[in-house]
Amino acid sequence: MESTSGEDAPKRNPLPAALVSNLQSVLAARRPPGAEVSTEASAPEAEASDVPAGDGAPARPIVLLTCAGGIRSAGLAALVDALVASGRCDVHVCAPESDKPACGHSITIRETITATSVDFTGAKAFEISGTPVDCVSLALSGRLFPWSSPALVISGINTGLNCGYEMFHSSAIAAAREALVYGVPSIAISLNWKKDETKDSDFKDAAQACLPLINAALDDIVKGTFLRGCLLNIGIPSAPSANKGFKLTKQSGYSPAQSWQAVSASRPSSATHFMGMHQSLGIQLAQLGKDASAAGAARRVSAQRKTVEVESVAASGKQEIREVVKKLFRAEFVEKQHEGLDEDIDLRALENGFISVTPLNVHGQVEPEMGAPASDWLSAAVSLDKEKDAAPAAAEQQDVAAEEKEAP
């Protein structure tokens, strides 16, 4: 019996034979006539590319979308539709499963996060049981998608203003900031939403309005000439279709007034009831801990009713009954009147109908040396978009002039 070893021994293919055959068939259908692809090379090549470009075209840049409004928000849907229709990039979505408007840069630790696939036409999407920052961090980790570094991260289209000091508690800007921490270019887009005025169609208009800026950013990211060290905070006016154009702005000192309202305990929401139950437990335990004379405490938990009872035994041996006061409140933001704002401030630009573009670094500031490069980039992006719009009109005029000359 003859044996083989070393270099003469045939190498075993670790992939199943049926899978190898299927991959070879797919590659054979894609390659041009006359080209040959070896059996050994076909499987690794298919494994290396998650989305084949096809027809010799270069792979499109990947854009990751998230939105503080949640996976089912009208703003996110409008932006996905606009980017998919443009055909300039491959769109991936990783967004919270519910509205997370003011989480700031909060993250979820020591708790399991669930990622569930969601159907989006033309995009691969997951909804996450976490914050917008969790969404970006998970997506960039390489655990959720087959890539870890997209060309661009966009947070939007978010509902409401994200001007001035709102950025500190804005989860929309925080998501873009998280991408910047990872070294990935990012943009935050927000629509100046007005109660009883803004319609779902306004989000579609907002997506179309900022699409030229997104395309310009993608072009420069591929070239390596995009702005570095900052994110772009883009604000869309309340009437997107009637905007007056883009305007480079500075961050204002605007801060909305926070109004606390008492909430009736007779009709608490499910979330309020959940938090109230835990707050009640915290108050009782805190009072128990402050009682230096307490000889001991017993806690009994009822798993069926989800309630907690706390008893305190004083030094005298008598059981003490303490009254626990629980009040419910809800915070809302109220717009303040603002006067005397400079024309280059983000909030003033929005009020005047412009699309504000504010560059921000990781610390939420605009470096003085970033002003000129940002202004040059925005001017170039806007002028390029105008040239593209003017080209078809000029060609049409030339065709009309040629026809007039040929006419007898």
Exercise. Too long at a 26 Å Cα-Cα cut-off: which of LYS199/LYS247; LYS100/LYS247; LYS100/LYS199?
Worked result: LYS100/LYS247
For this session: Can you send over the carbon and sulfur percentage of the accessible area for region 163-246, probe radius 1.4 Å, protein chains only?
Result: 49
Exercise. If amide H atoms are built 1.01 Å from N in the plane of the peptide, which residues on other chains or at least 5 residues away come under 5 Å of the amide H of PHE354?
Worked result: LYS244
Problem set entry | Fully extended contour minus Cα-Cα distance, from SER141 to ALA257, at 0.36 nm per residue | 38.1 nm
Seminar exercise, completed: Of the convex hull drawn through the C-alpha atoms of region 113-264, the volume per residue in Å³ is 165
Seminar exercise, completed: Listed by chain and number, the residues whose amide H is under 5 Å from that of ALA125, excluding neighbours fewer than 5 places away on the same chain and using placed H, are VAL93, VAL118, PHE120
Problem set entry | Distance in nm between pseudo-label sites at ALA59 and LYS244 (7 Å out along the Cβ direction from Cα) | 4.4
Problem set entry | Amide H within-cut-off set for ILE236, under 5 Å, with H built and near neighbours excluded | SER190, LEU191, ASN192
Problem set entry | Burial order of peptide ranges 234-243, 69-78, 214-223 (average beta-carbon count within 10 Å, highest first) | 69-78, 234-243, 214-223
Seminar exercise, completed: GLU320 and GLU351 label points (each 7 Å along its Cα→Cβ direction) are spaced in nm at 5.5
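For THR225 and ARG88 in one chain, what is 0.36 nm times their gap in residues minus the Cα-Cα distance, to one decimal in nm?
So the extension gain works out to 47.5 nm.
The values are calculated or read from the model by the stated rules, or taken from the named source; none is laboratory data. Treat the numbers as computed from the prediction; the structure is a model and nothing was measured. No Cβ is skipped: glycine too gets one built from the backbone with ideal geometry, and neighbour counts run over all protein chains shown. These accessible areas exclude ligands, DNA and RNA; they are computed on the full protein's heavy atoms, side chains included. Shrake-Rupley method; radii C 1.70, N 1.55, O 1.52, S 1.80 Å.
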